[in-house]
Amino acid sequence: MALLHEACEKWGFFQVDNHGVDKKLMQKVKQLVNEYYDGNLKESFYESEIAKSLKNKANISDKDWESAFFIWHRPTSNINEIPKISEEFCKTMDEYIAQLIKLAEKLSELMCENLGLEKDCIKEAFAGSKGPAVGTKVAKYPQCPNPELVRGLREHTDAGGIILLLQDDQVPGLEFLKDGKWVQIPPSKNNTIFINTGDQVEVLSNGRYKSIRHRVMAEKSGSRLSIATFYNPAGDAVISPASKLLYPSHYSFQDYLKLYSTTKFAEKGPRFESMKTMVNGH
């Protein structure tokens, strides 16, 4: 619990090894995605506008060197609508996602406990009318002849909640910003799952668990696989900081100074709590 809290509060990204998701199933997901890319997407990617621009040595700062598609799983699935998708791919992905949702919910419960909230706080905040939204961005970052001219994926934070990444075990590229410096994330050996928290967790935690900027570098050495599953709020979910975590608000500085004069050398946390109580009329 302490390790998880430190990872969320000080880093915003971390790896989970003993996650309970079947590792043979994870291996099969990666194999099927690679086969699908090779059979249906690879050729068209290298004939695309971005690939042609790179051949002409153009510096491409407003596009991403990636071949990707998105699968919705919850509340409704669109996996059968993806062109040339096999029954085996659909069945394997469904099994994988069912296990991954359990992991996402477990992580959300532990985060809530660490924040001093009811364990279902994130799950309920994300639920909306039909339960949390779950989707997967399936991406390949193809081998790139001129990686200095383009990003695999430009710098960004994730908009949603908890992101669970099954990534390549050989080709690097993922980087996170920590204390003003880019930290290189190595490929995931032994099917660990890489986690990062999105903007909605930052809002719900009142800024304690911040979303972190990250990017993917284009690589000359090989094509990088990325299967990122998003455990997100439903579209109609209404998001606010958990009321227990909100700083006091709408108080006069004079009232604060009165309390401060008797508690100056004590911890500030209880002082803030006292102000919240006073503001609420108690």
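List, in order, the whole-Hz ³J(HN,Hα) value for each residue of the stretch 69-86 obtained from phi through the Karplus relation with A = 6.51, B = -1.76, C = 1.60 and θ = phi - 60°; use x for Gly and Pro.
Residue by residue, the stretch 69-86 yields 9, 10, 10, 8, 10, 10, x, 10, 9, 10, 4, 6, 8, 6, x, 6, 7, 8 Hz.
Near Lys178, which lysines are there with a Cα under 21 Å away, not counting those fewer than 8 places off in the same chain?
Lys10, Lys210
Name the lysines eligible as straight-distance cross-link partners of Lys258: C-alpha to C-alpha under 25 Å, and not fewer than 8 places from it in the same chain.
Reachable lysines: Lys244, Lys268, Lys276.
In nm, to one decimal, how far is the modelled label at Glu148 from the one at Asn40, with both set 7 Å along Cα→Cβ?
Distance between the two pseudo-spin positions: 3.7 nm.
To the nearest 0.05, what FRET efficiency results for Lys10 and Lys102 with a Förster distance of 22 Å applied to their C-beta separation?
0.25
Using the alpha-carbon atoms, what tilt in degrees (0 to 90, nearest 10) does helix 87-114 show relative to the longest principal axis of the chain?
Helix 87-114 and the main axis of the chain meet at about 20 degrees.
Compute, for the stretch 226-282, the length of the dipole vector about the Cα centre, with Cβ point charges of +1 (Lys, Arg) and -1 (Asp, Glu) only. Units Debye, rounded to 20.
260
So if a site counts as exposed when it's one of the trypsin sites (Lys or Arg not before Pro), its DSSP state isn't H, G, I, E or B, and it has at most 11 other Cβ atoms within 10 Å, what's the longest stretch of the chain without one?
85-219
Using 0.36 nm per residue, how much length does the chain from Ile239 to Ser53 gain when fully extended, once their Cα-Cα distance is taken away?
62.9 nm
Which lysines, if any, have their Cα less than 19 Å from the Cα of Lys189, not counting same-chain residues under 8 positions apart?
Candidates past the 8-residue exclusion: Lys23, Lys24, Lys28, Lys30, Lys140.
Please turn the phi angles of the stretch 138-144 into ³J(HN,Hα) values with the Karplus equation 6.51 cos²θ - 1.76 cosθ + 1.60 (θ = phi - 60°), one per residue in order, whole Hz, x for glycine and proline.
Taking θ as phi minus 60°, the curve returns 9, 9, 10, 9, x, 3, 10 Hz for the stretch 138-144.
Suppose R0 equals 35 Å; then what is the FRET efficiency for Lys264 and Asn206 from their Cβ-Cβ distance, rounded to the nearest 0.05?
My answer for the efficiency is 0.90.
Quick one: angle between helix 253-263 and the longest Cα principal axis of the chain, in degrees between 0 and 90, rounded to 10, please.
Helix 253-263 sits at roughly 80 degrees to that axis.
So what are the ³J(HN,Hα) numbers for the stretch 17-22, from phi and the Karplus equation (6.51, -1.76, 1.60; θ = phi - 60°), rounded to whole Hz, Gly and Pro as x?
9, 7, 9, x, 8, 4
At 222 nm, what helix-only mean residue ellipticity would the chain give, in deg cm²/dmol to the nearest 500, using -39500 (n - 2.57) for each DSSP H run of four or more?
It comes out at -10500 deg cm²/dmol, rounded to the nearest 500.
Relative to the first principal axis of the alpha-carbon coordinates of the chain, what is the inclination of helix 268-279, with its axis defined by its Cα atoms, in degrees from 0 to 90 and to the nearest 10?
Orientation of helix 268-279: about 70 degrees from the principal axis.
Hey, of (i) 1.44; (ii) 1.02; (iii) 1.17, which did the structure itself give for Cα Rg over 2.2 N^0.38 Å when calculated?
Checking each listed value against the structure points to (iii).
Between the stretch 124-184 and the stretch 3-17, what is the C-alpha centre distance in whole Å?
Between the Cα centres of the stretch 124-184 and the stretch 3-17 lies a distance of 16 Å.
We did not get these values from a lab; they are worked out from the coordinates using the rules stated. Everything quoted here is computed from the prediction, not taken from an experiment. Neighbour counts run over all protein chains shown; Cβ positions are idealised from the backbone, glycine included.
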